[in-house]
Structures are given as C-alpha cells and as structure tokens.
1. I need the phi-derived Karplus couplings for region 141-154: 6.51 cos²θ - 1.76 cosθ + 1.60, θ = phi - 60°, integer Hz, Gly and Pro marked x.
2. Among the listed pairs Lys121/Lys154; Lys51/Lys113; Lys113/Lys154; Lys33/Lys128; Lys81/Lys121; Lys7/Lys51, give every one whose C-alpha distance is greater than 20 Å.
3. With a 1.4 Å probe and every protein chain left in place, work out the accessible area per residue of the chain in Å², rounded to a whole number.
4. Over the chain, what percent of the accessible surface lies on carbon and sulfur atoms, probe 1.4 Å?
5. Report relative contact order for region 102-156 in percent, whole number only (criteria: Cα-Cα under 8 Å, sequence separation at least 6).
6. Which loop-located trypsin sites (Lys or Arg not before Pro) does region 1-105 contain, where loop means any DSSP state but H, G, I, E or B and the Cβ has at most 11 other Cβ atoms within 10 Å?
7. Could you please state, rounded to a whole Å, how far the C-alpha centre of region 1-22 is from the C-alpha centre of region 96-162?
8. Between Asn112, Asn99, Asn146, find the one with the highest GNM mean-square fluctuation for the chain; connect C-alpha pairs within less than 10 Å.
Amino acid sequence: MNIRSVKSSDYDIISPIIDEWWGGRPMADKLPKLFFVHFTTTSFIAELDGKMVGFLIGFSSPSHADEGYIHFVGVHPDYRKHHIGRELYHRFFAVMRENGRSIVRAVTSPVNKGSIAYHTKMGFEIEKGDKEVDGISVFADYDGPNQDRVLFVKTLHGDYGA
C-alpha cells in the first residue's frame, strides 16, 4: 500500500464516491475542495495497486498550537478490515508529532456507531458532553439545532497509540 499526500485533483475522484462509501448517506457536502487545496501536508490518500482505497483529511489547528484535527476519513467498503484506516491515522499522528502537536481531536455523529467504535479502538477518548444518546456522551446541538456530536480526544505518545 502506498500512502501519499492529497492534491487538489483528488477532490474530483473522492467527491463523487463519498455518499456511496457511506451507504447512501449524504456526506459529500461535508468535504469541500478547500481541504484538498489548503491541507495537502496533513491529508493523505491510500492507494493499493494504483487504486484509491482510502483517505484522511486532517490539519494542524491554527487556534490551538498543540492540537491537530481529523476532519474526514474514508475507506472503500471492499477494503475495510485491511488496516488502511489505521495506517492513515498513524501517518497523521506521525506528522502531528513532527510538527509539535500532542493532541488529536475528531468529531462524529452519534448515529455513526462504526466511527465511535473505531475511534475508541484507536485510543481516542470520548469527551464528556451535556447529554447521552444510546449510552454515549454527546454535545447537544454542537453543529446546530438537532445536530448532536460525539467529540473525541487523543493524546499522542511515542508509539502513536493503537
């Protein structure tokens, strides 16, 4: 597997397939092209035999000097359980450490049980929100009315976690 930095033209490959990879959930609007233009050093594409099989879009926080943020991650449904996501996360963690960042944050929707399970498996902790949904602590209305979110935080160590 090859992991490389994203380039602006990758947007044209990823944007049309995002909703399909999420089982028809409308997700494409959550990943505008600006991420492929302005965060190329902290966002990555995973390729296998020349085919794009995963991506991670992340960045160093401009407001919090010790933090990085993972905005969006996707793995082709046929390639899940092949550790592609783990490799992408580890690449991001390494870049964050190289840039003096020791904390990584991420956010997901409470309905995305797979994302919640994956982040906790990768060593993220769920931040204490102001309510619970299905036993998970969430921040009510985090992204607007009825847009509850689960917030994750991970402190990076020398081994980059799980």
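1. Values per residue, Gly and Pro as x: 6, 4, 10, x, x, 6, 10, 5, 9, 9, 9, 10, 9, 9 Hz.
2. Values: Lys121/Lys154 11 Å; Lys51/Lys113 27 Å; Lys113/Lys154 18 Å; Lys33/Lys128 32 Å; Lys81/Lys121 13 Å; Lys7/Lys51 15 Å.
Among Lys121/Lys154; Lys51/Lys113; Lys113/Lys154; Lys33/Lys128; Lys81/Lys121; Lys7/Lys51, the Cα-Cα distance tops 20 Å for Lys51/Lys113; Lys33/Lys128.
3. Details: 8500 Å² over 162 residues.
I get 52 Å² per residue for the chain.
4. Values: 4240 of 8500 Å².
It is 50 percent, rounded to a whole number.
5. 45 percent
6. Details: sites: Arg4, Lys7, Lys30, Lys33, Lys51, Arg80, Lys81, Arg86, Arg91, Arg97, Arg101, Arg105; in loops: Lys7, Lys33, Arg80, Lys81, Arg101.
Of the trypsin sites (Lys or Arg not before Pro), the ones in loops of region 1-105 whose Cβ has at most 11 other Cβ atoms within 10 Å are Lys81.
7. The distance from the Cα centre of region 1-22 to that of region 96-162 comes to 23 Å.
8. Among Asn112, Asn99, Asn146, the largest mean-square fluctuation in the Gaussian network model of the chain belongs to Asn146.
The values are calculated or read from the model by the stated rules, or taken from the named source; none is laboratory data. In this text the structure is predicted, and so the values were computed from the model without any measurement. Positions of Cβ are backbone-derived with ideal geometry, glycine not excepted, and every protein chain shown enters the neighbour counts. Keep in mind that these areas ignore ligands, DNA and RNA; they rest on the heavy atoms of the full protein, side chains included. Shrake-Rupley method; radii C 1.70, N 1.55, O 1.52, S 1.80 Å.
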